[in-house]
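A quick write-up on the structure given underneath.
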Ligand code: SF4
């Protein structure tokens, strides 16, 4: 890694899954500045508003700087001893499944790796799940069903090479802004490129779309099963590919044919003409990439949606070649890294399967672990339900704020309050979750810690420290390792640095792999501290060493990335991709009392529960207060005027928000952003309204389909 005279440090943005490279600099007076890294292959120098404002969010105001036990300042040794002894005692008395870790896509891969190792290999439970469950679990499940592994075949370059980009449930302009910028720039050069947006709302992303399909909420399965049937009817299938490389096509086509075009139109709320135009465009365009994110994943039919999309790509052979494929983009900066190290309750590390005895054996031998989790653990929503009913008696929450971000948030808060032992590792002293912790552990923040993250296109990049650790804050990997040592596993958790953790993670990925698994960074097993410091961004699999690292003044080079599925081989036992037979079914959750569907999501300039972006006045200028979008016809029906304060209610709770009357919103639906909490608005905690309803395969909550009502708020 070249460091120029201005002493800039190469690191990675901690917000979304695009994973942009950032150059950070600390001036002599301590002032921090950031700019996009021109040599990073994710962004080539671009940053969005959030990334550009990073320097405004790193002050020490509100930081948790010392360990606390029951609200009093404590030393690290006392706090760590208490965490370790309480977890050990709970396991001894109630078994390993009586404890749980709830972690986060904000953790670095090294943090995630150590936490997963402790829980699955040394505690012997799989009760470790992540807030990424709320973000992309349906894509993971869909990949595993179709490909036999959680393999993301797409790359960002594919978005520039495609002739057709279909964006499904994805407001890239606000949620993955640099990808949006890359597509917009590619369209400038290649005006023949077409973009179709499938979204109930006319979001800012529609500005680059040739066609906006304002689909009914959860109409996606019908849309894509209808597309599969259309491809069959119009002889637009790649029959040679289907025969050579897939199984289950006949059943999938049969199931998809249950609806005719009129039926698909009824289920999607789109006209037959709109469907015909989209379907014929898809059928005629070989180089098609279908990009999807939360509008697909956060649904009670999320996994079926993912497979309905993948089915269409398999049926046309549009996978494994440049500019073609299904492409799930992740919301969080290290959701992918968490998947790689098994930071989910239903997976082992290095993309091994928890249900596979050979994989469990391999994992246990590699770690020389006393135990190995033998069955999947509790997924996020189930985990907090288990806390509520007393099955979980000791809970460690790291780098996330579930009291504000989990569905049915009031019930989650009550569960945490009632839990006998709650540890929270966080950078902040008083989030709504930290307030309820018995033990508070100060964590290192972005800019203070070293590690790696993996972005949506499988690119592993370094986050590097450029600030001193404040107070007594420590990196999470180190804190978890210290607890592991105190629980009696000193040898397994004696890491001196994050580079040692990374080297072990890399070695595991190559351990008895023999090309049998997709995730392989085994070439880095021997990386030392210097090599880790110099590590340039690279995509997995990387079975051979990546050199050179940072060539002078230019883009990174390195190994030629392997294009997944280019040879038509997948990770199933017969190496064939699986079609999944899906019957479209649209659930109605509305009722006379709650006649509208509330959709929740992100805005451009805030992130999650605003614990960081809320510090930047510049970011708050974009949208200063929580709001609800409502269609003019619904506004008239419910007596709501533009800019009125409205009460939005579900059977679980209510919020007070500013009404924004706009035809960009679909009639019958509302949209409200998820960011504001009661800390930032009078009554703004949106997840007090959402339900703990999940996809049956992935366990991902349906955060975009909440039965709700709206009324004008009249202050008494
Ligand atoms: Fe950060 Fe995402 Fe913006 Fe890039 S696009 S600067 S990763 S928030």
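Values for this structure:
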read-out	value
Extended-chain gain in nm, criterion 0.36 nm per residue less alpha-carbon gap, residue 593 and residue 365	76.4 nm
Among 638-650, 602-614, the order from most to least packed when residues are scored by Cβ within 10 Å on average	602-614, 638-650
Peptide ranges 195-206, 97-108 listed from the most packed, as the mean C-beta count within 10 angstrom indicates	97-108, 195-206
Theoretical gain in end-to-end length, residue 234 to residue 92 [0.36 nm per residue, Cα-Cα removed]	44.8 nm
Prolate/oblate/rounded label for the range 433-502 (Cα gyration tensor, a/c 1.5)	oblate
Calculated [θ] (222 nm, deg cm²/dmol) that DSSP helices of n ≥ 4 give over the chain, each run adding -39,500 (n - 2.57)	-8500 deg cm²/dmol
Antiparallel DSSP beta bridges within the range 596-712, percent to nearest 5	65 percent
Computed FRET value (nearest 0.05) for residue 621 with residue 645, which takes r as the C-beta separation and R₀ as 22 Å	0.60
Label-point gap, in nm, between residue 192 and residue 356 - each point 7 angstrom along Cα→Cβ	4.2 nm
Equivalent ellipsoid semi-axes - Cα gyration tensor, the range 9-57, angstrom	18, 12, 8
Residue 711 versus residue 583: modelled label distance in nm, points set 7 Å from Cα along the beta carbon direction	4.0 nm
Over the range 596-712: Rg over Rh, Cα atoms, Kirkwood Rh	0.97
Beta bridge orientation in the chain: antiparallel %, DSSP, nearest 5	45 percent
Virtual spin-label span in nm between residue 663 and residue 69, 7 Å along Cα→Cβ	6.5 nm
Förster radius 51 Å - calculated FRET efficiency between residue 28 and residue 277 (Cβ-Cβ, nearest 0.05)	0.30
Euclidean distance of C-alpha centroids, the range 587-660 and the range 126-148, integer Å	28 Å
Cα convex hull of the chain, projected area averaged across orientations, nm²	29.3 nm²
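A short reminder: the numbers here are calculations on the coordinates, not readings from a lab. These numbers were taken from a predicted model, which means no experiment stands behind them. Every residue, glycine among them, receives a Cβ derived from its backbone with ideal geometry; neighbour counts consider all protein chains shown.
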